[in-house]
Each structure stands twice: as C-alpha cells, then as structure tokens.
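A short write-up of the structure that comes next.
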Amino acid sequence: MSEVKIALREIPTATVDAVEYTHLDYYSDVKPVWCPGCGDYPVLAALTSALAELALPPEDVALVSGIGCSSRIPAYTKVYGFHGVHGRALPIATGLKLARPELTVLVAGGDGDGFSIGGNHFLHACRRNVDMTYIIMDNQVYGMTKGQASPTTDPHWTGSQLTPEGSGLNPFRLLGLAVSAEANYIARTFSGDPVHLAETLIEAINHPGFSVVQILSPCVTFRPEQRNWKDMVRPMRHEATSDRLTAGFRINDEDGFDMGLIYKSSRQVYQCEHNNKMDVSSLGEEFTV
Ligand code: SF4
Ligand code: MG
C-alpha cells in the first residue's frame with residue numbers, strides 16, 4: 001500500500017496587488033428555491049467560501065450543471081453558469097475546459113442526474129481525467145420530481161409510491177465507480193459539516209485532473225430520515241491512498257458514512273493539444289439560419 005505524497009498546487013496568497021474576495025462576491029441576486037432545511041444550502045455556502053479562499057475571480061470560474069434540485073446551483077452564483085440538460089453536465093464541462101483551459105471548471109449535480117442518465121458520462125469523465133471538479137450532492141432520491149428511488153437509494157426504502165415495497169436494487173457505490181474508472185481525486189464530505197466541506201472543495205479544485213467529491217446532502221422533504229445523517233457520519237478510518245486496489249477494498253468495506261479523502265493520484269491530465277490553434281468562430285456560422 002502506498003500512501004499519498006503529492007504536492008498540491010499553491011493556493012494563491014494575498015499580495016499587495018491581489019484582489020481579496022469574500023463569499024458574498026460569488027452570490028448572485030437569485031434567491032434559492034430549495035426547501036427550507038435542504039442540504040444544498042450549505043453546499044452553496046461552502047462553495048462560495050472555497051472560491052473566496054482560493055481568490056478566484058468570478059469571471060475565471062464556470063459552473064456547469066444538469067437537471068434536478070442541486071443542479072439549480074449555477075443560478076445562485078455569480079460565476080459563469082450553464083444549466084444543461086439532464087445527465088449531460090460532464091460532457092458540456094469537458095468541452096468547455098478543453099476549449100477554455102484557463103477557466104476553473106466546476107460541475108455540480110445530484111445522484112439521479114449524474115448516475116442514472118448521466119452514468120456513462122461519469123465513467124468516461126473519470127477515464128479522460130480532464131482538469132475539473134465534480135460536486136455530487138447525493139440525497140439518494142429524485143427530489144425535484146417528488147421523491148422516486150435513484151441509483152443510490154437503499155433497496156429497502158419504501159417512501160415512494162412507485163416502489164412501495166422498495167426497489168430491491170442495490171445502489172451504486174459512487175466512489176467505487178470513481179476508483180475503478182480512475183478519477184484523480186476522490187473524497188466524501190457532508191453538508192452538515194461546512195468547514196470540512198469547504199476544505200474538501202478547496203483541495204479538490206486545487207488538485208490537477210478530474211476530482212470527484214460526493215457530498216451527503218439531505219433531502220429533508222422526501223427523505224426526512226436523512227436528518228439523522230449528522231449522527232451517522234464519522235471521519236475516514238484510513239489515511240488517503242494512491243493505490244487503487246487499496247482504495248477499492250476500503251470503499252467496499254465501509255457503509256458510506258466515512259468522511260474524508262479516500263484516494264489521490266497524479267495520473268496524467270488530459271489536455272487538448274490544439275487549444276491555442278482553435279478558432280471556434282466558424283462553428284457559430286454553421287448554426288446561423
Ligand atoms: Fe432539497 Fe429535497 Fe427540497 Fe429538492 S425536494 S429542494 S433536494 S429538500
Ligand atoms: Mg438526488
């Protein structure tokens with residue numbers, strides 16, 4: 001087993017000429033429509049704090065999402081946003097990062113969006129290892145469509161009229177998929193622990209390549225029992241590893257409530273060789289009627 005010893009990029013520190021930001025600089029004027037108590041509120045707060053800590057100018061950041069409650073998040077920030085179609089946030093973000101490598105590209109969404117219709121894209125995003133960060137707000141339910149079982153729902157959950165006796169289907173282990181498909185940074189955190197959440201996002205954004213952050217983010221409306229998650233989460237029992245086999249065994253050996261960094265690698269990041277030669281202006285003409 002090899003333990004992680006990878007130098008992160010330097011977090012920008014304030015200089016005489018540097019602009020200092022606070023989390024307020026990243027909020028838009030749009031008021032969130034999430035239910036009171038939704039776990040996605042602390043994610044928004046932690047993300048804005050992380051961007052301020054990283055001193056990233058809002059115009060240098062792009063946040064791409066799919067469809068679902070959590071995918072509304074770009075509208076609530078002042079960074080560039082793209083509210084995409086269902087399950088397609090990752091390919092949109094991949095194209096954006098390859099065309100505009102100077103941007104910090106973040107992707108956000110939920111368990112339904114990302115691991116049902118979007119599951120295939122997740123595997124290939126891990127495999128490609130483009131430098132971006134995927135923020136998964138996992139509440140083990142389709143919240144926006146009023147509470148159906150998702151790919152991460154427990155097989156015995158009987159809260160949906162569509163599956164009154166439970167789906168009987170084993171959930172995906174999201175982070176196990178990420179390890180086997182070779183994401184470069186894999187961590188889990190909890191929306192009820194905003195400090196750990198913000199620190200995890202900072203490290204994930206700083207780490208080169210495709211970073212995956214699973215955030216347990218309760219849906220208090222359709223899964224009210226998830227309020228108990230605050231009593232179930234615990235720190236990760238192991239130091240992070242850069243050995244995929246070890247990470248895979250550990251993920252299969254825990255119940256999904258261990259919080260922290262699981263795996264970190266320095267695998268080569270995919271970049272477009274022709275970035276500086278691309279002229280995309282002609283693409284627009286092709287679609288002009
Ligand atoms: Fe949050 Fe659930 Fe309400 Fe959606 S339905 S906003 S996930 S609490
Ligand atoms: Mg969900």
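Tabulated data
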| read-out | value |
| --- | --- |
| Test: residue 204 is assigned to a helix (DSSP H, G or I), more than 26 Å from residue 95 (Cα to Cα) and not hydroxyl-bearing (Ser, Thr, Tyr) | no |
| Boolean, residue 176 is away from ligand 1 (no atom under 16 Å from the Cβ) and at negative phi | yes |
| Top-ranked residue of the range 43-69 - restricted to ones that are hydroxyl-bearing (Ser, Thr, Tyr) and open to solvent by less than 10 Å² (accessible area, probe 1.4 Å), ranked as farthest from residue 125 (Cα to Cα) | 48 |
| Only one of 177, 162 that is farther than 25 Å from residue 41 by Cα and more than 21 Å from the chain's Cα centre (by Cα) | 162 |
| Some residue of the range 216-227 being part of a strand (DSSP E or B), under 19 Å from the mean Cα position of the chain (by Cα) and under 30 Å from residue 142 (Cα atoms) | yes |
| Residue among 150, 167 that alone is within 16 Å of ligand 1 (Cβ to nearest atom) and of a type in the set (S, T, N, Q) | 150 |
| Top-ranked residue in the range 67-82 [being hydroxyl-bearing (Ser, Thr, Tyr) and in a strand (DSSP E or B); ranked as farthest from ligand 2 (Cβ to nearest atom)] | 80 |
| From 108, 99, residue being within 19 Å of residue 213 (Cα to Cα) and either at pLDDT below 95 or not acidic (Asp, Glu) (or both) | 108 |
| Candidates 64, 85, filtered to the one that is more than 14 Å from ligand 2 (Cβ to nearest atom) and either part of a helix (DSSP H, G or I) or closer than 23 Å to residue 203 by Cβ (or both) | 64 |
| Lone unmet requirement of (1) open to solvent by 10 Å² or more (accessible area, probe 1.4 Å); (2) closer than 19 Å to residue 90 by Cα; (3) away from ligand 2 (no atom under 16 Å from the Cβ); (4) not small (Gly, Ala, Ser) for residue 196 | (2) |
| Any hit, the range 211-224, residues being modelled with pLDDT under 95 and open to solvent by less than 90 Å² (accessible area, probe 1.4 Å) | no |
| Residue within the range 28-37 that is small (Gly, Ala, Ser) and assigned to a loop (DSSP other than H, G, I, E, B) present | yes |
| Only listed residue being within 22 Å of residue 256 (Cβ to Cβ), open to solvent by less than 20 Å² (accessible area, probe 1.4 Å) and in a loop (DSSP other than H, G, I, E, B), chosen from 158, 133, 152 | 152 |
| Hey, residue 215 within 16 Å of ligand 2 (Cβ to nearest atom), in contact (Cβ under 8 Å) with a residue 24 or more places away in the chain and under 22 Å from residue 54 (Cα atoms) or not | yes |
| The one condition in (1) away from ligand 1 (no atom under 16 Å from the Cβ); (2) touching a Leu at 6+ places or on another chain (Cβ under 9 Å) that residue 92 fails to fulfil | (2) |
| Residue in the range 238-245 that is under 23 Å from residue 46 (Cα atoms) and not aromatic (Phe, Trp, Tyr) present | yes |
| Leading residue by the ranking (farthest from residue 208 (Cα to Cα)) among those in the range 10-36 that are modelled with pLDDT under 95 and of a type in the set (Val, Ile, Thr) | 16 |
| All positions within the range 93-121 that are of a type in the set (A, V, I, L, M) and within 23 Å of residue 50 (Cα to Cα) | 93, 96, 103, 105, 106, 107, 108 |
| Matching option when the condition is open to solvent by less than 10 Å² (accessible area, probe 1.4 Å), at positive phi, small (Gly, Ala, Ser) and within 12 Å of ligand 2 (Cβ to nearest atom), among 147, 114 | 147 |
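The values are calculated or read from the model by the stated rules, or taken from the named source; none is laboratory data. Computed from a prediction, not measured in an experiment: that's the story for all the values here. A quick note on method: Cβ atoms are made from the backbone with ideal geometry, for glycine too, and the neighbour counts reach across all protein chains shown. Heads up: the accessible areas ignore ligands, DNA and RNA and are worked out on the full protein's heavy atoms, side chains in. Shrake-Rupley method; radii C 1.70, N 1.55, O 1.52, S 1.80 Å.
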